[in-house]
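Please read the structure below before turning to the comments.
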Amino acid sequence: MPADDLCFKTIVEAGPLLRTKRVSPVELTQAYLDRIESLNPSVNAFITVLHDEALTQAREMEKEIAAGHYRGPLHGIPIAVKDIFATNGHRTTCGSKILKDNVTHYDATAVARLKQAGCILLGKLTMSEFALGDDVNLLTGQHPTRNPWNLERSVSGSSSGSGAAVSASMCAASLGTDTGGSIRLPSGYCGIVGMKATYGRVSRYGVTPLAWSLDNAGPMSKSVEDNALLLGTLAGADPADSMCSDRPVPDYRSKLHAGVQGLRIGLPKNYFLEYSTPDVADAVRAAARTLEGLGASVSEVELPHLKYTVGAELALIFGEPLAYHTKYIRQGKFDLYTDTNKAQWDTARYISSTDYIQAQRVRRYIIQDFEKAYEQVDVILAPSTGVEANPIQEDVLADQIPTRQVPAGNVTLWEILWRMPSPANLAGVPALALPCGFSAAGLPLGLQIMGRHFDETTVYRVGAAYEQATDWHTRRPAVSAKA
Amino acid sequence: MAASEQRQPRGTDKKMRLNRRQLLTQSAALGAASALMAGCPGAKAPASPTSEENLIAASAISGEPLSPERVRGMKLMFDFTMKHLQTLREFDPDEAEPVTIFRP
């Protein structure tokens, strides 16, 4: 089988090939390493490539499988992780000059669980500095991560490399983090599947914090089923993360083929579509019609407190990190941050304790909005990004904020990109991003499916039904074809 | 120096002293003149709460006074954030027992 064809396979497709020894973990790992070598100079998704270590791991996995010790569907699968996850014996830079030489000596719980399941670590992925800010990676000489669908377009952030690497088939799947959309925005821009699970579902132990009360770790993948498989491995109690839930972890794949007959889909009346470009809004409405055609019912829902969302998100996502980063600022390292983070830390000085408390207070009301909506519907559909991937230069802080024309008027890109993902972060509900179409410029458009707390199973069920009814996930960016 | 040129303590010359009524009248006139001048081109308006100098002064309270360059560097982010914080500040559920701890 040609090496690139191996890299294009989903985990669920590659797993049986590995189990039946038709493909070896070494062969698969080598195929990904070759692809990384070929594409990373243009895409810039990897900060660190663990070439030798990955091959050593792959040989061990090969021996285990040959000896009949098959660990399960992730055994021998090459993955990569955002450089915010601690990994034993490697640099963990958080995409910052401040931590450029920071070597960690343990694995984050999420990484340890994937390794235990037999995953092979290919390397560490680029990210917006400290998971917040522009997507200019200072460690690699100001080169931003580039969108495989169009190298002049942004990947968004903050899990930039995690989105680009999966989209360009430089790894089978990746880990990202999501505090205000950092899994779902790059998933939407890159046309892949990303899950921000219920707050507390996945341990954050070993993940450098951004905002403690909002942070999530989660999987990014080529398909819904791969994502469900990964979350099933990642989720579960961890005494090392006090906010990690000890609820039992269900089999997220159990209802992937159950269809949506009888399920109730909600489309928000307010907040989302009025701030999305027409192509995105049309694609989301079309997704609802597709699900309706599969037997679900669709109705409108109202989430009245969402008007406070962006203010609350900003109060928390700027306020909490300033407490963490004050140590570096006091050490005289302020000038090492990106311009965007400098602006964010300085802005955070003017967020009062009252603002912070108001933000935490409003979250209860947003949660109640969702709970009330979930009395009428099982999941809620919304755009994951609201726009197609923006030109890279618009990521850099300049004199003006770029704007887009949406039904609400000519609004800033920031307004749109903060608005779409933040409700699920504040409410702590699960939200799955997946592709739902392409723009006239040939760029992916993103859908998000939000569900009840800890009901990722229904979210995946709806996502899988939609994915099976459409072909968006089967398209590959041209950068792959050139390799 | 001649005696007449020597400075007198203020208010000791009865001819120069203002009574309370004159003081109030003249203050009001001065206030009106200031208000008129403020509307004139080139007049300096009172500094807004988010003027550069006020932001620098306010930042000192947080422990690190920002330089004018840093205030200018954050301005877009600051304005965007303040616009949304203003909306957040209007949130008033009038609850008896505010719930401030996030619990999913």
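Go over the candidates A:E313, A:E320, A:E292, A:E300 one by one and state the one that is part of a helix (DSSP H, G or I) and more than 24 Å from the chain's Cα centre (by Cα).
Going through A:E313, A:E320, A:E292, A:E300 in turn, just one is part of a helix (DSSP H, G or I) and more than 24 Å from the chain's Cα centre (by Cα): A:E292.
When you check A:A86 against the structure, is it within 22 Å of A:L18 (Cβ to Cβ) and aliphatic (A, V, I, L, M), yes or no?
On the way: within 22 Å of A:L18 (Cβ to Cβ): no; aliphatic (A, V, I, L, M): yes.
No, not satisfied.
Mind telling me which of the residues A:A441, A:A424 ends up being away from every other protein chain (no Cβ under 14 Å), outside any strand (DSSP E or B), farther than 23 Å from A:E292 by Cα and in contact (Cβ under 8 Å) with a residue 40 or more places away in the chain?
Step by step, each of A:A441, A:A424 is checked, and only A:A441 is away from every other protein chain (no Cβ under 14 Å), outside any strand (DSSP E or B), farther than 23 Å from A:E292 by Cα and in contact (Cβ under 8 Å) with a residue 40 or more places away in the chain.
Is one or more of the residues making up the range A:186-201 under 25 Å from A:Q30 (Cβ atoms), under 15 Å from the mean Cα position of the chain (by Cα), touching a residue at least 24 places away in the same chain (Cβ under 8 Å) and outside any helix (DSSP H, G or I)? Can you show your working first?
Step one: list which residues in the range A:186-201 are under 25 Å from A:Q30 (Cβ atoms), which gives A:190, A:192.
Cutting the leftovers down to under 15 Å from the mean Cα position of the chain (by Cα) gives us A:190, A:192.
The next check asks that each one be touching a residue at least 24 places away in the same chain (Cβ under 8 Å); those that pass are A:190, A:192.
Subset that is outside any helix (DSSP H, G or I): A:192.
Yes, the range A:186-201 contains at least one residue that is under 25 Å from A:Q30 (Cβ atoms), under 15 Å from the mean Cα position of the chain (by Cα), touching a residue at least 24 places away in the same chain (Cβ under 8 Å) and outside any helix (DSSP H, G or I).
Between a first residue in the range A:394-420 that is touching a residue at least 12 places away in the same chain (Cβ under 8 Å) and a second residue that is charged (D, E, K, R) and not in a helix (DSSP H, G or I), which pairs have beta carbons less than 8 Å apart while being 6 or more apart in sequence or on different chains?
Hits for this filter: A:D395/A:D134; A:D395/A:D135; A:V396/A:D134; A:L397/A:D134; A:V411/A:R404; A:L413/A:R404; A:I416/A:R404.
Any chance the range A:347-363 includes a residue that's closer than 30 Å to A:V260 by Cα and modelled with pLDDT of 95 or more?
Checking the range A:347-363: not a single residue is closer than 30 Å to A:V260 by Cα and modelled with pLDDT of 95 or more.
Please go through the range A:78-89 and give me each residue that is out of contact with any Leu (no Cβ under 7 Å at 6 or more places or on another chain) and surrounded by 15 or more Cβ atoms within 10 Å (Cβ to Cβ), ordered by number.
Scanning the range A:78-89 gives A:I84, A:A86, A:N88.
Just to be sure, is A:G95 modelled with pLDDT under 95, crowded, with 24+ Cβ neighbours inside 10 Å and not in a helix (DSSP H, G or I)? Let's see the steps before the verdict.
Values: modelled with pLDDT under 95: yes; crowded, with 24+ Cβ neighbours inside 10 Å: yes; not in a helix (DSSP H, G or I): yes.
The answer is yes for A:G95.
Tell me the residue from A:L381, A:L397 that is touching a helix residue (DSSP H, G or I) at 6+ places or on another chain (Cβ under 6 Å) and in a loop (DSSP other than H, G, I, E, B), please.
A:L397
From the list A:L17, A:L28, which one is aliphatic (A, V, I, L, M) and surrounded by fewer than 23 Cβ atoms within 10 Å (Cβ to Cβ)?
Numbers: A:L28 fails: surrounded by fewer than 23 Cβ atoms within 10 Å (Cβ to Cβ).
From the options A:L17, A:L28, the qualifying one is A:L17.
Taking the condition modelled with pLDDT under 95 and within 12 Å of chain B (Cβ to nearest Cβ), does A:K342 pass? Give the derivation first.
Working: modelled with pLDDT under 95: yes; within 12 Å of chain B (Cβ to nearest Cβ): yes.
When the stated conditions are applied, A:K342 passes them.
Which condition breaks for A:R204 when tested against (1) assigned to a loop (DSSP other than H, G, I, E, B); (2) on the phi > 0 side of the Ramachandran plot?
Here A:R204 meets the rest and fails (2).
Looking at A:H51, A:H69, A:H75 in this structure, which one is surrounded by fewer than 24 Cβ atoms within 10 Å (Cβ to Cβ) and farther than 28 Å from A:D251 by Cβ? Steps first, please.
On the way: A:H69 fails: farther than 28 Å from A:D251 by Cβ; A:H75 fails: farther than 28 Å from A:D251 by Cβ.
After applying the criteria, what remains is A:H51.
Rundown of residues vs (1) farther than 29 Å from A:Y205 by Cβ; (2) out of contact with any Cys (no Cβ under 7 Å at 6 or more places or on another chain); (3) among the polar types (S, T, N, Q), yes/no style:
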{"residue": "A:N44", "(1), (2), (3)": "no, yes, yes"}
{"residue": "A:E62", "(1), (2), (3)": "yes, yes, no"}
{"residue": "A:A67", "(1), (2), (3)": "yes, yes, no"}
{"residue": "A:H90", "(1), (2), (3)": "no, yes, no"}
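Within 14 Å of chain B (Cβ to nearest Cβ) and either modelled with pLDDT under 95 or within 15 Å of A:T109 (Cα to Cα) (or both), is that true of A:R201?
Considered against the rule, which asks whether it is within 14 Å of chain B (Cβ to nearest Cβ) and either modelled with pLDDT under 95 or within 15 Å of A:T109 (Cα to Cα) (or both), A:R201 comes out as yes.
Please work out which residue is nearest to the other protein chains (Cβ to nearest Cβ), limiting yourself to the range A:295-329 and to residues that are among the polar types (S, T, N, Q) and more than 21 Å from A:W418 (Cβ to Cβ).
Residues of the range A:295-329 that are among the polar types (S, T, N, Q), as a first pass: A:297, A:299, A:309, A:326.
Of the ones still in play, those that are also more than 21 Å from A:W418 (Cβ to Cβ) are A:297, A:299, A:326.
On the way: A:S297: 27, A:S299: 25, A:T326: 9 Å.
Among those residues, the one meeting the criterion is A:T326.
Can you tell which of A:V43, A:V26, A:V49, A:V12 is touching a Gly at 6+ places or on another chain (Cβ under 8 Å) and touching a residue at least 24 places away in the same chain (Cβ under 8 Å)?
It is A:V49.
Can you tell me which residue in the range B:55-92 is modelled with the highest pLDDT, limited to those that are more than 9 Å from chain A (Cβ to nearest Cβ) and not in a helix (DSSP H, G or I)?
Applying the filter and picking the extreme gives B:S67.
Exactly one condition in (1) surrounded by fewer than 24 Cβ atoms within 10 Å (Cβ to Cβ); (2) out of contact with any strand residue (DSSP E or B) (no Cβ under 7 Å at 6 or more places or on another chain) is false for A:G428; which is it?
(1)
List pairs: first residue in the range A:60-80 and in a helix (DSSP H, G or I), second residue of a type in the set (G, A, S) anywhere in the structure, Cβ distance under 7 angstrom, at least six positions apart or on different chains.
Here the result reads A:M61/A:G76; A:M61/A:G118; A:E62/A:S24; A:I65/A:G76, each pair linking the range A:60-80 to a residue that is of a type in the set (G, A, S).
Hey, any hits in the range A:381-396 for a residue that's closer than 28 Å to B:K75 by Cα, surrounded by 15 or more Cβ atoms within 10 Å (Cβ to Cβ) and within 11 Å of another protein chain (Cβ to nearest Cβ)?
no
The values are calculated or read from the model by the stated rules, or taken from the named source; none is laboratory data. Predicted model only: the values in this text are computed from it and were never measured. No Cβ is skipped: glycine too gets one built from the backbone with ideal geometry, and neighbour counts run over all protein chains shown.
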